[in-house]
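Read the figures in this text as sums done on the coordinates, not as results from a lab. Only a predicted model underlies this, so the values are computations on that prediction, with no experimental measurement involved. Methodologically, a virtual Cβ is constructed for each residue, glycine included, from the backbone with ideal geometry; neighbour enumeration extends over all protein chains shown.
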Amino acid sequence: MPNEKQLSEVLSEFARTMVTEFPIQRILDRLVERIVEILPITGAGVTLITPGADPRYVAASDESALLYEKLQTELGEGPCLLAYNSGDAVSVADLCKETRFPAFASRALDAGLRAVFTFPLRSGADRLGALDLYRGEHGPLEEETMAAAQTLADVAAAYLLNAQARSELSEISARSHFSSLHDALTGLPNRVLLVELLEFALLRAIRSKRLPAVLFADLDQFKAVNDTYSHRVGDELLIAVAERLENLLRPSDVLGRLSGDEFVMVCEDLDHPSQVDAIAERISSALGAPFDLSCGPVDMAASVGIAFADHGESAEDLLHRADMAMYQAKAKGGGHHQIIDAHEQEASDRRTALKFDLHTAVKNRELHVHYQPIVNTTDRHIIGFEALLRWTHPTYGPISPSVLIPLAEEAGLIGAIGAWVLAQACADRRRWSDVDVAVGLGVSVNVSPYQLMEPGFVDSVKAILGDSTTGTEPALLTLEVTESVLIHDSARALLVLGDLKQLGVNLSLDDFGTGYSSLNYLDQFPADVLKIDQTFIGRLDQGRSSQAIVASIVSLSRTLGMQVVAEGVETVEQHEFLSEIDCDACQGFYFAKPMPSNEIGTLIDRPDDNGAVLLPVFAGSGPA
Ligand code: C2E
Ligand code: MG
Ligand code: MG
């Protein structure tokens, strides 16, 4: 029987392992080693048992103890399993007389074992396995010794459970660390890890003077696979693509999946830029063979964008450039690869900067409205003005509305900017109308389809018409819309246009003839004015057919009861022809270019003898 001092030493040793990060194996090795020292036995071993799995011997104090543990595991019988199943200690004082596990008894007797005492490793209702104590001579263990051994087994079990929980926890955290950095579907590095690896590659490149390249591959028509077959088949395809791309990699390359069908390859060790062409070719031939999926064979190609690292560039910027190159490749019709084009990139960078700066353009007073007179074709009297937006960017200078308006639409700013133009135009018109001759002059304001379809647009027009500084008689305001407004949701667009008509404002169908369905909707479009697009006017001198088209549009407008305005009139000949066919009004450089509000003020301050506003004459001299 161990003395109390020895027992308490072993127990306190276990207690210390509790607060340190002792691995399970060390706990068990120490248990069997110490127990042999303090109890009257020749060997000890531990077998762990998990329900549904084979028992695992995990510790033994010496070679023969190891043999007995192995025997029990191999034979699937022995005191260990008995103790585990019953939850009670098993005492075999004389193995020769043992009948419960004959196969083990006979083999163990041959190997020299005479007595065995086994204690379940239990912790509350849990059982983890058993501790076996072996003796080379028969005879029982004293009751106190049995009790001490069970105590040690119980304490060891408690610590084992604790260590197991600790290792499970660290396994879970390792797993969740892995999954936070990898794509769950393909197991490839995700965006976070890829950016990190790319940052390292860029740092290494500074030292090695090599040229890292990023190849950004996007599958062509992947959405069609998802839509036609199912997302499950789409997933199968992504996994198969990942495998084929992985097979192309050299050890130093990295492949990651950014999102959806976007894969990125980082190639660090290029000696010469031309090598990327060969890699891109390999990608395209790797994807060239049909993919054998559960729905049958599927063909798939990819567009690949390539960018080389610029000195000092961040990983995100490099990825972005490769992404842009991919779009350039897509624009070629898919299945291509494309090294980033510097000019396109510059243009795109500029667009990004402009879009960003547009947010503060109104506040910084960079936006202005210019006005272009619209004149009566016969007597050249001004009948109104078209408001045209101007942006003077502090770095890039004047930005054309054909660039600015789409940017405002993309940035979600068109509603705010459009409302600003409308208010500005109404306020300017009101100021000019202080001069008697200008009282009846109207103003036309362009409205983008996005702006028109924004909820609350009609209310915002109503508010501006009723405001004390912008207030305008509705009949003096014309809103210019193009027929593209009818493309997406024509029913709703027609409702909005109807509501605007209810307010009493005029509607003008701008750029007529360039849209896709001019005649389809013409009878439903509640327009008061039709503006013939300037491309038709520009072609008037090319011959009779262009003239016939313009003449028909004029007579069509007349039949539909609309006023007709010719846009982009630049020459005396064009003006003369438009007079001949009775086009109501003209607008163009031949009469006047768009000008700032104060110049309009000066213009209307000089009425002619009849009290109408006539433009200064430069007839015959073309644009001013
Ligand atoms: P638009 O509404 O058809 O405006 C007429 C455009 O033709 C204006 O271009 C004007 O400067 C130009 N123009 C006028 N006379 C002539 C001429 O004789 N020859 C030539 N070659 N061009 C002439 P701008 O100001 O560059 O505006 C372009 C387009 O941008 C406008 O076409 C309009 O669709 C849009 N836009 C302009 N301001 C606004 C605005 O405040 N809101 C919205 N939504 N769109 C606007
Ligand atoms: Mg217009
Ligand atoms: Mg137009």
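Observations on the structure shown:
- The Rg/Rh ratio for the stretch 4-177, using Cα coordinates for both the radius of gyration and the Kirkwood hydrodynamic radius, is 0.98.
- Vicinal HN-Hα couplings computed from phi for the stretch 536-548 (Karplus, 6.51 cos²θ - 1.76 cosθ + 1.60; Hz; Gly/Pro x): 5, 5, x, 9, 4, 7, 7, x, 5, 5, 4, 5, 5
- Computed label-point distance, nm, for sites residue 519 and residue 317 using a 7 Å Cα→Cβ extension: 5.5 nm
- Formal net charge of residues neighbouring residue 527 (Cβ-Cβ distance under 11 Å; K, R +1; D, E -1): -3
- Relative contact order (%) - the chain, alpha-carbon pairs under 8 angstrom, separation at least six: 8 percent
- Amide N proximity, the stretch 143-162 versus residue 37 label position 7 Å along Cα-to-Cβ, cut-off under 17 Å: 149, 152-153, 156
- Residues whose amide H comes within less than 5 Å of that of residue 339, counting only those at least five positions distant or on another chain, are 306 (H built at 1.01 Å from N in the peptide plane).
- Inter-probe distance in nm under a simple model that places probes 7 Å from Cα toward Cβ, at residue 400 and residue 63: 9.3 nm
- Relative contact order for the stretch 463-529, counting Cα pairs under 8 Å that sit 6 or more residues apart, in percent: 35 percent
- Annotation: the residues 175, 30, 282, sorted from fewest to most other C-beta atoms within 10 Å of their own C-beta, follow the order 175, 282, 30.
- Relative intensity, log₁₀ I(q)/I(0), of the chain from a Debye sum that treats every alpha carbon as a point, q = 0.11 Å⁻¹: -1.07
- Two-site FRET efficiency, residue 560 against residue 379, from Cβ-Cβ distance with R₀ of 35 Å, rounded to 0.05: 0.90
- Residues 590, 159, 134, ranked from the fewest to the most other C-beta atoms within 10 Å, line up as 159, 590, 134.
- Distances between every pair of Cα atoms in the stretch 361-444, grouped in 5 Å steps from 0 to the bin holding the largest one, split as 3, 13, 21, 22, 15, 12, 9, 4, 1 percent.
- Share of Cα-Cα pairs in the stretch 191-340 lying beyond 25 Å, as whole percent: 26 percent
- Each principal axis of the Cα atoms in the stretch 186-266 has its own extent, and those three values, largest first, are 49, 21, 20 angstrom.
- Amide hydrogen proximity for residue 43: with H placed 1.01 Å from N in the peptide plane, the residues at 5 or more positions away or on another chain lying under 5 Å are 134.
- Positive-end residue of 371, 407, 433, charge dipole of the chain with Cβ unit charges: 407
- Residue exposure sequence - 104, 308 - by fewest surrounding Cβ within 10 Å: 308, 104
- The stretch 191-340, relative contact order in percent, only Cα pairs under 8 angstrom and at least six apart counted: 30 percent
- Here the stretch 235-261 and the stretch 147-183 have alpha carbon centers that stand 35 Å from each other.
- Coupling constants for the stretch 33-38 follow from the phi torsions by the Karplus curve (6.51 cos²θ - 1.76 cosθ + 1.60, θ = phi - 60°), and in residue order they are 5, 6, 5, 5, 5, 9 Hz; glycine and proline get x.
- Magnitude of the charge dipole, the chain, Cβ model with Lys/Arg +1 and Asp/Glu -1, debye to 20: 440 debye
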